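The values are calculated or read from the model by the stated rules, or taken from the named source; none is laboratory data. Note that the structure is a prediction, hence the values are computed from the model and not measured. Note that each Cβ is placed from the backbone with ideal geometry, even for glycine, and that neighbours are counted across all protein chains shown. Remember, those area values only see protein heavy atoms, side chains included, never the ligands or the DNA or RNA. Shrake-Rupley method; radii C 1.70, N 1.55, O 1.52, S 1.80 Å.
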Amino acid sequence: MCGIVGYIGKQKASAIILEGLKRLEYRGYDSAGVATLTGSRFDLAKKIGRVAGLIKSTSAQKMPGTTGIGHTRWATHGGVTDANAHPHISSDQKIALIHNGVIENYASIKKFLLTKGYTFQSETDTEVLGNLIAYHYQKEPATSEGSRFVESVRKTLRHVEGTYGIAVMCGDCPAEIVAARKGSPLILGVGDGEYMLASDVSAIISRTQNVVYLKDGEIVHITAKSFSISTLDSEDVSPVIDKVTWRIEDAELGTHAHFMEKEIFEQPAALENSMRGRFSEDGSTAQFGGLNISAVDFRQIDRFHFLACGSAWHACLVAEHLIERFARVPVEVDYASEFRYRNTPLSKNALFFTLSQSGETIDTLAAMREAKRKGYKVLAVNNVVGSSIAREADGGVYQHVGPEIGVASTKAFTSQLLLGAMLALYVGRMRDMSFNDGVDYVHALKGAPDLVRKTLELAPQLKGIAKRYAHYHDFLFLGRLSLFPVALEGALKLKEISYIHAEGYPAAEMKHGPIALISEQCPSVFLVPSGEMFNKVVSSMQEIKARKGKIIAIATEKCDLPAGLADEVILIPECHEAVLPIVATVPVQLLSYYIAVELNRDVDKPRNLAKSVTVE
Ligand code: G6P
């Protein structure tokens, strides 16, 4: 949540920062702002609304500075107002600052600063940071201005409780930025004669692919010519410069109307990338390079715990089904936000997995830390390389699906489904799954990208259905077993991007409550597999039909649905149980997407949401 960009170099900072903010806007879009430094003067522009609005309003403003910071906000403390937008400038005009995170003890710091004569323009927790840095800066012995600046930030952060990614400028230090992080992501880009700071790499890959992933508790001091990293305890840190593999085209829209559309259609390639090199030579099982846990130790695990939020939590539910079914090991799935406070009794030989596209979701990170504190190993499935969760995990698997920019997860979700299915295979083959069953399973997984390609051809049909159904205000999504989490995902997708109320339910459970909602005004989307559950799901459909509910059936090709039972039938390819949730997800994504487009919603930036939820 909230996007941070900083620049020091020879170019006009404001243009580069605004460009970076556009790429980070999916992190928050309540307001945006930029400040640059010319001599000791801050040039500041900030306003509510989108970055495009800020760009328009700054076009006539002279911001010649080559050092600057910018921010796109997802409001926590303080409403969506121009005054609450970042950057914030200290009341003595010495310090400008942007912040991502929450300062929990801001009230007591504010009280103290008021007694020292500092004043406040906003209702934010952030503003206290700028004023506290200014306070320490005034008190700091006058060595060099630069070290005085860094030390005042360091002293401030020692007093702060909460989370932060910050970038700070000081009026006395025209070509310097000090930045620091704790619990909020921050990356330093090392370019050709310039440096950039950003919350994630998409803001900087157009200028450099060399990055330093800052760690919690680290402070970076950047000047026009160099940078140095130290800790809150003043210890020097030797920087490690990594190379980012994402390309700038990956973060661009191309010919698509929205990133969500682009990412839905990228799924075949994304699945191929997620599975590449991850099958054994004999083609009977999966292999993962980074688990850091031996097969012997893996064999001892008597329970898996999966922790995640949002769509990733739905992916965990599918993994639970497949692992229990194919590997016969019990699995617990928890919302990360609940697990961290629940104090669940845990068995001795449990192993934890966290799933998180961004690797920055604060609840998932905190839940992971809680499991580690209790002495458990935690493996992580993440898409963003170098993210906080990936770094703190004991081992893990990268998704390799490229940047996901649309706020509603699509390609990252189906990649998580695939990796969960591969894990079920990996553990299954260590236990009772035969070589031949393993070979069939691998064959099925390898065929998933083509099945998804084929399913994407249904887009025109789903567009037509979306046109007919976009005016409804309530939807049910119903499925059983591994398709129940797909129903949850379908409902989530629809509500988050179209603002239509939708509920996902196990199909049979529907008669214990949601059936009360059924009328001609509340359509149901059924996920219908052929095979043993077919008749059961058809019975649930009959119950809806008897109450005049409209039915959209997403059914596999062999399903012989009674004539006239469903109002709309979308036929998806027959597939292996491990692949079915992936294939069945595609039509629910397309349906939600086209309904949202039909309603003229801001698909990639739905109201109130943010891509990466880095506050509790
Ligand atoms: C936000 C996003 C969701 C995502 C969830 C978890 O709510 O809008 O699409 O599923 O966070 O994100 P993560 O990065 O941990 O997978």
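Exactly one residue out of R328, R373, R369, R340 is touching a residue at least 40 places away in the same chain (Cβ under 8 Å), open to solvent by 40 Å² or more (accessible area, probe 1.4 Å) and more than 12 Å from the ligand (Cβ to nearest atom): that is R328.
Scanning region 583-609 for residues that are within 16 Å of the ligand (Cβ to nearest atom) and open to solvent by less than 10 Å² (accessible area, probe 1.4 Å) yields a total of 8. Counting the residues of region 512-542 that are assigned to a helix (DSSP H, G or I) and touching a helix residue (DSSP H, G or I) at 6+ places or on another chain (Cβ under 6 Å) gives 2. C575 meets each of the listed conditions (1) under 31 Å from the mean Cα position of the chain (by Cα); (2) outside any loop (DSSP other than H, G, I, E, B); (3) more than 16 Å from the ligand (Cβ to nearest atom) apart from (2). When region 30-76 is filtered for residues that are part of a strand (DSSP E or B) and of a type in the set (G, A, S), the ones remaining, listed by number, are S31, A32, G33, A35, A45, G68, G70.
Got at least one residue in region 192-209 being more than 18 Å from G20 (Cα to Cα), assigned by TED's automatic domain parsing to the domain that holds R23 and buried (at least 21 other Cβ atoms within 10 Å of the Cβ)? The answer is no; no qualifying residue exists. Scanning region 77-126 for residues that are open to solvent by 10 Å² or more (accessible area, probe 1.4 Å), touching a residue at least 24 places away in the same chain (Cβ under 8 Å) and assigned to a helix (DSSP H, G or I) turns up Y106, I109.
R247 passes every criterion in (1) open to solvent by 40 Å² or more (accessible area, probe 1.4 Å); (2) more than 28 Å from V5 (Cα to Cα) apart from (2). The condition of being under 34 Å from the mean Cα position of the chain (by Cα) and of a type in the set (V, I, T) holds for only one of I544, I554, that being I554. Among the residues of region 173-185, write down those that are buried (at least 24 other Cβ atoms within 10 Å of the Cβ) and either modelled with pLDDT of 95 or more or outside the structural domain of Q138 (by TED's automatic domain parsing) (or both). Hits for region 173-185 are I177, V178, A179, A180, R181. Taken over region 281-302, the residue count meeting the criterion of being of a type in the set (G, A, S) and either free of Cβ contacts under 8 Å to residues at least 24 places away in the same chain or outside the structural domain of T410 (by TED's automatic domain parsing) (or both) is 2. Within region 108-131, the residues that satisfy the criterion of being over 18 Å from A35 (Cβ atoms) and modelled with pLDDT of 95 or more are S108, I109, K110, K111, F112, L113, L114, T115, K116, G117, Y118, T119. All of (1) free of Cβ contacts under 8 Å to residues at least 24 places away in the same chain; (2) in contact with a strand residue (DSSP E or B) (Cβ under 8 Å, 6 or more places away or on another chain); (3) surrounded by 16 or more Cβ atoms within 10 Å (Cβ to Cβ); (4) not hydrophobic (A, V, I, L, M, F, W, C) hold for K62 with one exception: (3).
Every test in (1) open to solvent by 10 Å² or more (accessible area, probe 1.4 Å); (2) out of contact with any helix residue (DSSP H, G or I) (no Cβ under 7 Å at 6 or more places or on another chain); (3) more than 9 Å from the ligand (Cβ to nearest atom) is passed by V333 save one, and that test is (2). Checked across region 234-252, the condition of being within 11 Å of L188 (Cα to Cα), in contact with a strand residue (DSSP E or B) (Cβ under 9 Å, 6 or more places away or on another chain) and among the β-branched types (V, I, T) holds for at least one residue.
Only residues that are touching a helix residue (DSSP H, G or I) at 6+ places or on another chain (Cβ under 6 Å), within 12 Å of the ligand (Cβ to nearest atom) and open to solvent by 20 Å² or more (accessible area, probe 1.4 Å) were counted across region 345-365, and they come to 2. Taken over region 225-244, the criterion of being open to solvent by 50 Å² or more (accessible area, probe 1.4 Å) and among the hydrophobic types (A, V, I, L, M, F, W, C) is satisfied by V240, I241.
When Y7, Y26 are screened for being hydroxyl-bearing (S, T, Y), modelled with pLDDT of 95 or more and under 24 Å from S358 (Cβ atoms), only Y7 passes. Close Cβ contacts (under 7 Å, 6 or more residues apart or on different chains) running from residues in region 446-469 that are among the β-branched types (V, I, T) to residues that are not in a helix (DSSP H, G or I) comprise T455/I572; T455/P573; I465/I552; I465/E568.
Being under 30 Å from L571 (Cβ atoms) and either within 16 Å of the ligand (Cβ to nearest atom) or open to solvent by 10 Å² or more (accessible area, probe 1.4 Å) (or both) is the requirement here; does L445 meet it?
no
Looking only at region 89-148, residues that are closer than 24 Å to F227 by Cβ and in contact with a Lys or Arg (Cβ under 7 Å, 6 or more places away or on another chain) come to 5 in all. Can L517 be described as over 18 Å from V588 (Cα atoms), under 34 Å from the mean Cα position of the chain (by Cα) and either of a type in the set (S, T, Y) or buried (at least 16 other Cβ atoms within 10 Å of the Cβ) (or both)? The answer is yes for L517. Consider region 502-511 and keep the residues that are open to solvent by 20 Å² or more (accessible area, probe 1.4 Å) and outside any helix (DSSP H, G or I). The one that is nearest to A470 (Cα to Cα) is E503. Annotation: P330 fulfils all but one of (1) within 20 Å of the chain's Cα centre (by Cα); (2) farther than 19 Å from Q399 by Cα; the unmet one is (1).
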